[in-house]
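Notes follow the structure.
The values are calculated or read from the model by the stated rules, or taken from the named source; none is laboratory data. Note that this is a predicted model, so its numbers are computed, not measured. For neighbour counting, all protein chains shown are included, and Cβ atoms are generated from backbone atoms with ideal geometry for every residue, glycine included. Please note that ligands, DNA and RNA were not included when accessible areas were found on the heavy atoms of the full protein model with its side chains. Shrake-Rupley method; radii C 1.70, N 1.55, O 1.52, S 1.80 Å.
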Amino acid sequence: MHETAGSNGTGQRVPAPRAGSTPKPPPGDKPSSPAADASPREADGAAESTDALGPLLRQEVLRITEAEASSAVTQVLLAPQRLRTICAHAMEDLLALARRDPAAGGSWRYVWDSYIAYRATLAYRVAHAIHRAEDTPLSHDVRLAVARRVSEVAKVRTGVEIHPCATIGRRLIIDHGLGTVIGETTVIGDDAYILQGVVLGARGIADNPSGRRHPRLGDRVEVGAFARILGAVTVGDDVLIGPGIIVTTDVPSHRRVRLLNQYQGTSGECNVRVFGVVPVCEGVVEVHGTGLAAIEVDLVTSTGQHRPVVVLERDDRRVRCAVNRPGTDERLRIIDTCGNETVLYNLQQLWRALDEFGFA
């Protein structure tokens with residue numbers, strides 16, 4: 001997923017690890033053929049031991065907490081079992097990133113030494129555990145204040161903001177990461193892979209309701225750069241959200257959502273290409289693209305209800321439709337001959353454009 005090998009969590013170039021920074025194999029052991037053909041970092045990563053990782057993690061977790069709380073409070077918050085749990089989750093995050101990011105070459109040491117974005121996930125593990133430490137004599141307000149300070153420091157250092165109250169599963173990966181925001185009531189399943197500039201936020205700006213207002217993502221969800229998933233929507237398992245998408249409605253499991261233009265997204269392997277939707281006059285729009293001669297068109301609400309659309313003219317490159325002004329949650333949907341669908345978002349913007357140019 002990287003255009004530049006050897007990048008850190010902010011996309012900057014970083015030097016490769018120094019020679020000898022990873023354990024050497026026992027004398028006489030020969031690397032297998034794939035490792036022998038790999039780059040030096042990949043070859044080191046293949047034989048890399050995790051024995052030193054546990055102590056490094058424990059030391060860093062203590063340092064992160066003691067920077068925001070007294071030693072006495074830290075001892076209360078980081079009881080042995082809680083400290084082990086934090087380190088176990090953080091180790092899974094680190095090893096998953098080293099394994100899944102080709103630029104890391106499989107080396108957790110390389111990620112540890114140079115990936116700033118990983119420090120955001122580590123800080124989240126610490127802050128979330130502190131917030132959830134309900135078995136301590138410390139009040140909720142004290143725990144939340146310490147947790148929030150940990151998150152705020154990590155935000156400044158890494159450019160990634162993860163609210164300590166968010167619920168995130170195992171093996172979280174935030175790659176590059178700069179500008180990524182994960183809101184308070186967000187829920188993310190296991191094995192998520194999230195790139196830079198992603199916002200998992202609320203629909204509104206100020207005065208949002210205090211209940212659930214952020215997305216819920218299933219397991220093995222991948223979110224491309226600068227995608228925004230807004231509101232209390234649900235994204236199913238094994239979904240890929242492409243770069244630049246704005247998602248405001250539920251996405252079923254096993255879907256791929258990719259950007260066609262600034263108003264729309266596509267789910268499924270669609271053989272229809274849609275370039276855009278143009279308002280012709282009040283109540284009439286044209287869909288432009290290729291492969292449009294046999295498509296079906298209707299309006300669909302966020303609850304799955306459908307309203308028919310009258311097709312006035314059609315050919316392979318253009319379909320003219322009669323569409324009365326839809327409700328606020330209605331979207332134009334195109335279905336190709338294979339049953340794959342393209343949903344065009346923000347149809348209301350077409351009507352606003354008509355109003356601005358003086359149509360009745």
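Do any strands (runs of 3 or more DSSP E) lying entirely in the stretch 220-287 carry at least 1 residues that are within 25 Å of C338 (Cβ to Cβ), modelled with pLDDT under 80 and touching a helix residue (DSSP H, G or I) at 6+ places or on another chain (Cβ under 8 Å), and which ones are they? Step through it out loud before you land on a result.
On the way: elements: 228-230, 256-261, 264-267, 273-281.
Passing ranges, in order: 273-281.
Under the condition of being of a type in the set (S, T, Y), over 19 Å from A127 (Cα atoms) and open to solvent by 20 Å² or more (accessible area, probe 1.4 Å), the residues counted in the stretch 165-214 number 1.
Counting the residues of the stretch 142-174 that are out of contact with any Asp or Glu (no Cβ under 6 Å at 6 or more places or on another chain), of a type outside the set (G, A, S) and either assigned to a loop (DSSP other than H, G, I, E, B) or under 19 Å from Y193 (Cβ atoms) (or both) gives 9.
Here's the yes/no breakdown for (1) modelled with pLDDT of 80 or more; (2) polar (S, T, N, Q); (3) over 22 Å from I245 (Cβ atoms):
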residue: Q305; (1), (2), (3): no, yes, yes
residue: P308; (1), (2), (3): yes, no, yes
residue: V311; (1), (2), (3): yes, no, yes
residue: R320; (1), (2), (3): yes, no, yes
residue: D336; (1), (2), (3): no, no, no
residue: E341; (1), (2), (3): no, no, no
residue: Y345; (1), (2), (3): no, no, no
residue: W351; (1), (2), (3): no, no, yes
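Among the residues of the stretch 120-141, those that are open to solvent by 10 Å² or more (accessible area, probe 1.4 Å) and small (G, A, S) comprise A129, S139.
Being within 25 Å of G218 (Cα to Cα) and open to solvent by less than 20 Å² (accessible area, probe 1.4 Å) is a property that does not hold for L78. I'd like to check something: does the stretch 157-164 contain any residue that is open to solvent by 40 Å² or more (accessible area, probe 1.4 Å), under 21 Å from A96 (Cα atoms) and out of contact with any Phe, Trp or Tyr (no Cβ under 8 Å at 6 or more places or on another chain)? Within the stretch 157-164, one or more residues are open to solvent by 40 Å² or more (accessible area, probe 1.4 Å), under 21 Å from A96 (Cα atoms) and out of contact with any Phe, Trp or Tyr (no Cβ under 8 Å at 6 or more places or on another chain).
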